[in-house]
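Here the structure comes first, spelled out in structure tokens, and everything after it is commentary.
The values are calculated or read from the model by the stated rules, or taken from the named source; none is laboratory data. Everything numeric in this text was worked out from a predicted model, so none of it was measured. Heads up, the Cβs are rebuilt from the backbone with ideal geometry, glycines too, and the neighbour counts pull from every protein chain shown.
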Amino acid sequence: MKTQKRKNCPEVYNISFIRKDLNLFVNLSGNFGLQNLMVFRNEINNEIYKQKLESVTIDFSGVCYLDSAAALALVQIEKEAAQQNIQCRLINLNDKSKGIFSVIREDNLINLSSQLERSQDGFMYNLIERRRLPSSTEKTQDSFIFRLVERRGLPNQSGKSYKDFIWQIGQTSGQIAKDFANFVTFIGELLVAFLYIIRHPKSLRGKDVLFYIHRAGVDGLPIVAMIGLLMGLIIAFMSFLQFKMVGANIYVPSLVSFAMIKELGPIMTAILVAGRSGSAFAAEIGTMMVNEEVDALHTMGFEPIRFLAVPKVIATIIVVPILTVYADLFGIVGGLIIGVTSLDLTLKTYVTQSMKTIQVFDVVTSIIKAAVFAGLISAIGCQRGFQVRSGAQDVGKFTTSAVVMAIFMIVLADSIFAIMFYYVK
Amino acid sequence: MDTQTKAPIIIVKDLAARFGNNIVFENVNFNVYEGEVLVIVGASGCGKSTLLKIMIGLQKPYSGQVLYQGMDIVSAEETELNQYRQNIGVLFQSSALFGSMTIRENIELPLQEYTDIDQATIDSIIRMKLGMVNLAGYENHQPSELSGGMKKRAGIARAMAMDPRVLFFDELSAGLDPVTAAELDDLIIKTEEALGTTMVIVTHELESIYKIAHRVLMLDKEAKGIIAEGKPLELKEQATDPRVRSFFLRQKPDASDEQRFYVS
């Protein structure tokens, strides 16, 4: 129907302006719609504000197509003109255009009701009169026009941004505090679930644990090994460039193994697992929240945390220390490749030098660290998943948040460990 | 069915629910009688789903009681609540089948958790339940391989896995074509007749209501509570309340300027 009507209507529009003293006549003809909205609005506005004016009359007699956006733009022109004390009149509307104006009128009238006195004989006045709308301005803030004005960067209330800023600080702080409280609550619930499983070992879903061990561990091994190897290569190469200046090549193996086992192995592995598995946990549980699957678990009498989170946490805690040992090992192998090929060290010297540096204590702390990181990653991933309330957007938001939060917590925990192990040793 | 002779299985007393400071409903009182099909109707946003969520123990009300055989599930401890949950089955609006499991695993989950029935018997129970909902042979399918109507039926099979005393359905026929919805109605009637399970159904599909409901409870957003209760046909023919009439006659209330068109 729409296309049929537009058949006899050219795709273009034409505007002619006639000035008489302080009055402007705008003759619209043709097609006014979303496509040419910006162009014709600017054209009309330019003409209106070129010289001083008292009144503008917009004649619709030649308009063959008008959509709601174009009508809204014309109402906006009228509104802005009214602010400059220019009377604006819309005349010769056909029935269809009137229909469109009547659809968009409600919100605009609330916006425009203040100009009631000014444009007594205007089109808007007639509309307002007919509709007997209260001159409330309550709805102005969230009305479509207001948003349009804001988006277009047109004049707006000033001094609001400063208040907004403080409001936002408060809002964000509140959010962070709430987040933290949520997380602590979740950890508590997780511990309760663990206690339950210790007392009722049969209730642990072993199949799920194995599944997630496979997902997080076996599937993650190639990337962890590769990153470990490259880290070892890089450290060996960079330190060799420095050490060769003082002829201290022999210390490269020590540096590589020390750095890999003490810091880089656990941290790199944890960050990779956070990216691979922490995000997957959040997305998985989040989607289940959206699909009411978590509610279904609840009503079937299954504790969702025990059912969904515990297997993931256990699997991650088992797997990450193993992955970390792999990462350490591959790091040392990476260093060894550089050592043997460009440092003139024999395989044997490299290995003995590395062994000299590494102590059992370091390996043990590396594994403990990895296990703690694993707990943090999986707990945060699951907790973020349970925070999802509705929709795909929430899933994305909390998945991102799971990874960011996990990486932050990993680094924080690592700093605490650095200090703790220094004193323990 | 004459509800007067039956004993109430669920008693809802002075129930009130709020979202923040918004009152969803208050002073909600009604009974669910054993063996009846109670349909809760009302326009969107009147709190039907909230009421259902409270009745299945998913959400806490602002105040009031929901008594299941004398036990208040609002104030019940988690262990008591789990006891209650084993006596009810719920079909969610989106069916809520576990996507990572097959249909068989979905149904056997509660059976494995709460009973010591051997696997062979569980398998035959699953076959029976799937047969009851016309899904025989779909044991090893993933939920994603089923159509919307089939998912609903699989959901019903799962809800019935433990032979619950009360079945709850949230938006039974939402998003289904008329034929599939009618099939579901028949399934409900068949199940009710065969097993005598009490059912609480949230829906606003008029045809379903006339077909399956023994009793209808109507909630209203403005009144913030129940505005009508009774047999569906009686409500249609005898109700004097314009809100009830307009619902059952499928008409807009004749308020002329009530509904305004806003751009936003």
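Brief remarks follow.
- Qualifying residue in the range A:286-300 (condition: surrounded by fewer than 20 Cβ atoms within 10 Å (Cβ to Cβ) and more than 14 Å from chain B (Cβ to nearest Cβ)): no
- Of all residues in the range A:171-203, exactly one satisfies the criterion of being within 14 Å of chain B (Cβ to nearest Cβ) and among the polar types (S, T, N, Q), namely A:S203.
- Enumeration of residues in the range A:234-251 that are under 39 Å from the mean Cα position of the chain (by Cα) and exposed (fewer than 13 other Cβ atoms within 10 Å of the Cβ): none
- For the range A:35-70, residues that are more than 14 Å from chain B (Cβ to nearest Cβ) and either in a helix (DSSP H, G or I) or in contact (Cβ under 8 Å) with a residue 60 or more places away in the chain (or both) total 15.
- Selection status of B:T203, hydroxyl-bearing (S, T, Y) and over 14 Å from B:L38 (Cα atoms): no
- Residues of the range B:46-65 that are within 14 Å of chain A (Cβ to nearest Cβ) and outside any loop (DSSP other than H, G, I, E, B): B:S49, B:T50, B:L52, B:K53, B:I54, B:M55.
- Candidate set: the range A:399-425, residues that are among the small types (G, A, S) and more than 21 Å from A:I261 (Cβ to Cβ); chosen: the one surrounded by the fewest Cβ atoms within 10 Å (Cβ to Cβ): A:S401
- Residue within the range B:27-45 that is within 12 Å of chain A (Cβ to nearest Cβ) and farther than 26 Å from B:L187 by Cβ present: no
- No other residue among B:V200, B:V244 is more than 30 Å from B:G131 (Cα to Cα) and either modelled with pLDDT of 85 or more or in a helix (DSSP H, G or I) (or both) apart from B:V244.
- Any chance A:I317 is away from every other protein chain (no Cβ under 14 Å) and within 24 Å of A:A406 (Cβ to Cβ): yes
- Given (1) within 14 Å of chain B (Cβ to nearest Cβ); (2) in contact with a Pro (Cβ under 9 Å, 6 or more places away or on another chain), number of the condition A:A73 does not satisfy: (2)
- Candidates A:R389, A:R306, filtered to the one that is surrounded by fewer than 19 Cβ atoms within 10 Å (Cβ to Cβ) and either outside any helix (DSSP H, G or I) or within 14 Å of chain B (Cβ to nearest Cβ) (or both): A:R389
- Among residues of the range B:163-180, those that are surrounded by 21 or more Cβ atoms within 10 Å (Cβ to Cβ) and hydrophobic (A, V, I, L, M, F, W, C), counted: 5
- Residues of the range B:79-90 that are within 9 Å of chain A (Cβ to nearest Cβ) and touching a residue at least 40 places away in the same chain (Cβ under 8 Å): B:Q86, B:I88, B:G89, B:V90.
- Every test in (1) under 18 Å from A:V403 (Cα atoms); (2) touching a Pro at 6+ places or on another chain (Cβ under 6 Å) is passed by A:R205 save one, and that test is (1).
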